[in-house]
Structure formats: structure tokens, C-alpha cells
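The values are calculated or read from the model by the stated rules, or taken from the named source; none is laboratory data. The structure presented is a predicted model; accordingly, all values stated were derived computationally and were not measured. Here Cβ is always computed from backbone atoms with ideal geometry, including for glycine, and neighbour counts include all displayed protein chains. These area figures cover heavy atoms from the full protein model, side chains too; ligands, DNA and RNA do not enter into them. Shrake-Rupley method; radii C 1.70, N 1.55, O 1.52, S 1.80 Å.
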Amino acid sequence: MPTAVRVALPVPLPTLFDYLPPAGGKLVAGQRVLVPFGRGKQVGIVVDAAATPALDASRLKPILQPLDDEPLLDGELLRTLTWAADYWLGAPGEAFAQALPLALREPRPLPDIDEEYWQLTPAGSHEHLGGRRRGGSKALLDLLIDGPRHADELAAMLPDWRSAARRLAAAGLIARCAAPDRPAGEPAPAPIPLSAEQSDAVAAIGATFGRFQPFLLDGITGSGKTEVYLALIEQALAEGRQSLLLVPEIGLAPQTLRRLRERLGVPIELLHSNLAEGERARSWLRARSGEARVVLGTRSAVFTPLPNAGLILVDEEHDASYKQQEGFRYHARDLALVRARELGVPIVLGSATPSLETLANVASGRFRALRLRSRPGASRPAPQVQIVDVRAQYLDHGLSPTLLEAVREAVARGEQALVFRNRRGYAPVLLCHACGWHADCPRCEHPMTLHAGQRQLRCHHCDRRAPVPSHCPACGAGALWPQGHGTERLEQALGVLFPDVPVRRIDRETTRRRDAFEHLLDELRHDGPAILVGTQMLAKGHDLPRLTLVAIVSVDEGLHSVDFRAGERLAQLLVQVAGRAGRADRPGRVLLQTHHPEHPLLRSLLASGYGTAAATLLAEREAAQLPPYSHQILLRADAHGRGEVDAFLAAAAAALPIDPEVQLAGPMPAPMPLRAGRHRGQLLLESTSRARLHTVVRPWRLQLGALPLSRRVRWSLDVDPIDLY
Ligand code: ADP
Ligand code: ZN
Ligand code: ZN
């Protein structure tokens, strides 16, 4: 019986591909190979080096060549990726493509991963003292006087360092060296003594090293979760093991990286999608070689090879950014759990506001919960939260007298205040006061947001931009009124109300440039009194020591959403934003403006905190048989014509086998039926049995691909969707 080599290729087809082994060479699973595909060539990964061919072997083409001598992916990653492709119903090749940095998907040898560090030679130190050098050479000697530095760091500080390095190296004044244990000029800070709660958590998790055990680290904001992670990573390092720490967004990574570097003094790799491709590939390879002892990264870092894994940590596990929303729609937290199981290591999911999914896993005994209930290091009380009933109150740009008074008091004490509004732009609607016309995006049938600074209307759904009309296009009147308040308008209004205090806006517009966010945060850490106007970018884990007041302009939108997850999201957002207040030595205050002060969710959050509110929400989900007590798969489709979407979804529904355990809802229009000029619709499949749902959907997915209409619409399947739009 001839054997075939089964290969995953980065193409959106739900299958693996068989080839003949190359002449002479023997391949192993996980190796990269170059294969003929269609009229061209592709780089693939060997999934099975000795498969029984699915086709007549005489029709198979041979592999052109192996690209490396060794497998790039080990058995654990191969198994996990195969599992992930099956679970999230992705094309196997797409799952593999996710796992490999782009630069490694090219038919080229692996890049050199030796770290490039430079240091002064004894002659160089002497030369530096003599001060004879000028220009670039002097600047480079100055940079190296404190100790070895990484080439990337030198490049960042001295753009033309290469030519100076060449001159100085030729003169024997500097030389390449091995990676130092700790970057130049940074003595290791002494670890903070842990509180009793923190030590208990470290001890409980530490006791499970070497086997799979999921933990929820349920700690209020500022309770020192990061200190717990650090202690655990140190313990893993002491055992010679690697740790993987996932954070929800790039913005949080530098802050955490700094803390890890200062404390641990071992090679740490940072992996996220904003890195240059070469850099990302080298980081990935250093993790694979075991050289990287700690890997810190965002969603896609969950695919990093860990040949010597000891521990996986997922910070802010409730965060929606762990779910990929296009292409291969995996969830990094859930995948991290599978990896931890395959690797046989403990995994810690940390959050002040755990997801209902995770809380259900705690309730069922699958996860062990550890709680941090106090803020160590200071005896400051938890922030005091107050509902501001704005019914019938006079509002100045949406801001109540109570809110403005609180801002005034905070800045008068030299502190900072955050006015939180989750809407960018100047005003969400531009309305004609004469006839009621308002500016809609024709491609989405949704109001366009006025951006006053750019003098533009922008659609936040498809990014269409249009000039601001000077007169109403419908009736010709000149009275166009901005309705509602975005961050830009609040920034302007607060600037007028508080002319002597800096007002800083933090949203996607003001942080577009690279590093702008870090910069703004840094300024705020050093600023005196200031008013921040910000969106949910600020809700996540950032440490702002001078912030003592958080004022939430409106919570009402979240109270009336049709999405069954809206309550959970709102509770998480409120608690996270509130957690920014009073982190340092001063007590915090939180104000929530609402027209619905009696709303049960707000009441319960205020009276008894997130845990109780979440328990109520979870009980409601159970009663309604909604996730996590049922499982969902969403088929989405969109096309230029409504008719094509409807016909495709109708055919898809007809092709679905009837199963008493699987409920079907739809075809129905998506909650946003038109977006960027495309009509959108969906089918929702639901079951209390996850296994049953997958059993039904696997063959159905292949049928969908075979429907003639499937070529005329764009469609995708989303397993455990976190948004139904
Ligand atoms: P979290 O991640 O839970 O929000 P952090 O780990 O960032 O909390 O800690 C919040 C603040 O408390 C930080 O400034 C940290 O240095 C400080 N901190 C944490 N643990 C302790 C401790 N045991 N003693 C004193 N200060 C601590
Ligand atoms: Zn008009
Ligand atoms: Zn639009």
C-alpha cells in the first residue's frame, strides 16, 4: 500500500491535501514543505507523514522539497491545531496559517534567531573616557557605557548606528556579545511581599505545577493579580519552565512587559500583530527553541510553541478581544485551555469581572476559583459608587450638575477625573431642525457621526466619509443640529467649562499614531490635575495613579439592548471603568448617570457587586436556556442583493437535517440588515448538546459549500458567537 503525505495548506478549503513523498527524503509531521498547488506553489505543514491516500496514488503529485530539516510544529501544537480547526469549523490550513507568523509561510529558510547584542571592549571603555570620538561613534559609545544593548534598541535610539558600529568594531572598541541577564541600567526591584490572599493563590496554583488544572483568579481591580502572575512565573522559571501570558490588547502589553523585564531578568518575547513580520517570526522561533522563557502576547500569541511549558496565564479573561471575529473565528481563552490540557500544565484565567462562561465552569467544578477581595499595600477603601438620577435635570452637554460639581472638586484637590463616554466623534446624529431629515449612511442605512475637527460625517460601520452639508439636502433649511454627545463634543464642552485644567481625550482618533496611547498614559501619570474624556479603551487594566473620579455619562444604551449578553457586558464595563478610580493613595468616587435609576441590574451591582449581579444574570441564562447553558453556531451570509442572501439561507435551512436536539432560528435579517452596501442575514443553530450540534453541522458545512448559491454570497460559520450582529 503506497503512503501519502498529508499536508495543511493556507487555503480556505475544508480539507487537507495528499502528496507523494519526495524522492529519497523521509518526512515527519510538523515539517514545512513546498508543494505544487494549482498552477503555483504553496508552503504547507505536514500533518501526517504516512497517511493512507484518499485518492488513487497515481494521481498524486510529489512534494517538491522539505523546507527545513526539523519539524517546525511539535506534536502538541499539531494536535491542538487539528482540534481547533474541527471545533471552530475552520479550514485546517487556515488554522495552521494563524499559528505560523507570515514570514515563516514563505518558502525560505528560517531566519537567524541569535540575539544581536553589542558591548564595549576594555579598549572601548578607555576610548570613551578619553572622549576622543565625535559624532555617531561618540553617541554609540555613550549608549553602551552602561552595559550591553540589543541591536533593536540601538536602532531605535540611533538611526545610523550600523555604520558607527562597523567603524568601532573594526577598531576593536566594541564587540558583539551574548544576551545579558538584564537590560542595561535596570537593577532588579525587590519583589513586593504578597498579601495573605495573594500567597494563598500562589500556593494553590503552584501546587498543581506539572498537571492540567484550570483556575479562575477572581480579583477585584487593583487586588494585585499581576503580582500573583509574577510570583507564579518566577516559580515556573525556577523549575526551568516557560510561561505564556496573554493580555487582551496591545495597549496593555508595554506596561506589563516593563514589569516583567524589571522583575525577572530573563529573555521575554513580546508577540502581537503590530510587530514587523521578521521580528514576530524571530520571537516565535525563540519561543520554539526554548530560549524565550516568558512569552507575553495578545490573542494570536496563544499559538506560540512552548516546548518546555510550565504555565499559561490569561489576563482579563472576559475580554471580547480574545475572540477572533473574521476568518478563523477561534477564541484564544478557550484555545489556551485546550493547550494547557494537552501540555499538562495549570492555566490561570484572571479577571475582576469573569465571564459568565467561566463562572459556569466554576459552578460545575471544572475550574477552581481563587479570590482576591482586598487591595493590598494601602488601606484605602473601595471606591464609593453613586447613581445620578438625571431625569428632569438640566444637562449641560449631557453632563448633570452633580457630575460637574464632582469634577470641579476633584481638580480643585489637584486630582484627575475621567468622563467616560463610549461614543467617538462630536455627535452621533446630524439632524435638520426644520424637517427632521438626518444624515444617514446610504450603504448602512444608519446615522453618520459628525466629526467636527475633520469637518466630516463618518459612518462608524463602514467608514464611509462625507462632507458636512451646509444646508439640509431635503428642505434647504440651514439649521442642522448635532444631536447627542460624543467624546469630541465633551472634550470641547469641558474645555470651556474648565479653562484652567488640561482636558485630554483618549479614543481611537487621538491614539491613531503608534505609541500615542502609551504616550498619553505616561503624561497622565505625571500630570497634575486633568480631565480625561475617554472611551472603553480606558476601561482595561491601565494604571492611572492620580485618577480619583470616574463619571460615566450614560449607562442607558446598555440597559435596553436586545443582545442577551448586553447585561453582562454592561456590568463588566461599569466595574472595569469604576476600577480605574482611586488606585493610588486616595479614595475613589464613581458616578453613573442614568434615566433608569431603579433598573435591577444597576441596583444589584451597586448593592452587592459584580459577583452577585453575575450570579443573577447566570440564573437568567439558565432559565432561558441561553449560553453557556446551550451552545450556538451562527451562519452569516451577505451579498449585494437581498434576494441572494434569502435564497442561500433558505437553501441552507432546507439542507439541515432535522434533529430533535438542534433548534433552528431563521433565516432572518441580521440585527444590522445592511452594512457597507451589502445585505445581511443569518441562521442560528442552538442545542443543549455541544457534541450533537457539531455532529449535525460538520456534514452540513460541506453541503453549504456545494450549494450553487454559495458562490454568490459571502458566508461564514461562527461557533460560540459572542455577537449576533
Ligand atoms: P490588578 O492586576 O489586580 O489590577 P496589580 O497587580 O496591577 O492589580 O496591582 C495593583 C497595585 O497594587 C500595583 O500598584 C501593585 O504594585 C500593588 N500591589 C500589588 N500587590 C501588592 C502587595 N502585596 N503589597 C503592596 N502593593 C501591592
Ligand atoms: Zn430639512
Ligand atoms: Zn456605512
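See the values below:
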read-out: Rough spin-label spacing in nm, given labels placed 7 Å along Cα→Cβ, for Asp389 and Ile192; value: 3.9
read-out: Pairwise centroid distance, computed over Cα atoms, of segment 574-638 with segment 650-664, Å; value: 34
read-out: Total lysine pairs whose alpha carbons fall under 29 Å of each other in the chain (8 or more apart, or interchain); value: 6
read-out: Mean ellipticity per residue at 222 nm, deg cm²/dmol - from DSSP H runs of n ≥ 4 across the chain, formula -39500 (n - 2.57); value: -10000 deg cm²/dmol
read-out: Distance between segment 50-119 and segment 416-445 - C-alpha centres, whole angstrom; value: 47
read-out: For the chain, cysteines whose Cβ has no other cysteine Cβ within reach (under 4.7 Å); value: Cys177, Cys462
read-out: Two-decimal ratio, segment 77-166, of alpha-carbon radius of gyration to 2.2 N^0.38 Å; value: 1.81
read-out: Förster-model FRET efficiency, 41 Å R0, Asp68 and Arg211, C-beta, rounded to 0.05; value: 0.80
read-out: DSSP beta bridge pairing in the chain, given as percent antiparallel to the nearest 5; value: 55
read-out: Cα-based equivalent ellipsoid of the chain: semi-axis lengths in Å, sorted from largest, via gyration tensor; value: 42, 39, 28
read-out: Within the accessible area of the chain (1.4 Å probe), percent carbon and sulfur; value: 53
read-out: Cα-centre dipole for the chain with unit charges at Cβ (Lys and Arg positive, Asp and Glu negative), debye to 20; value: 1100
read-out: Two-site FRET efficiency, Arg508 against His471, from Cβ-Cβ distance with R₀ of 25 Å, rounded to 0.05; value: 0.25
read-out: Three-way shape call for segment 601-685 based on the alpha-carbon gyration tensor, with the a/c threshold at 1.5; value: oblate
read-out: Rounded Å value of the spacing that divides the Cα centres of segment 272-334 and segment 514-568; value: 26
read-out: Kirkwood Rh and Cα Rg combined as Rg/Rh, segment 307-376; value: 0.99
read-out: Only Lys, Arg (+1) and Asp, Glu (-1) charged, at Cβ; segment 384-490 dipole about Cα centre in debye; value: 340
read-out: Cα gyration tensor shape for segment 479-580, rounded if a/c is under 1.5, else prolate or oblate; value: oblate
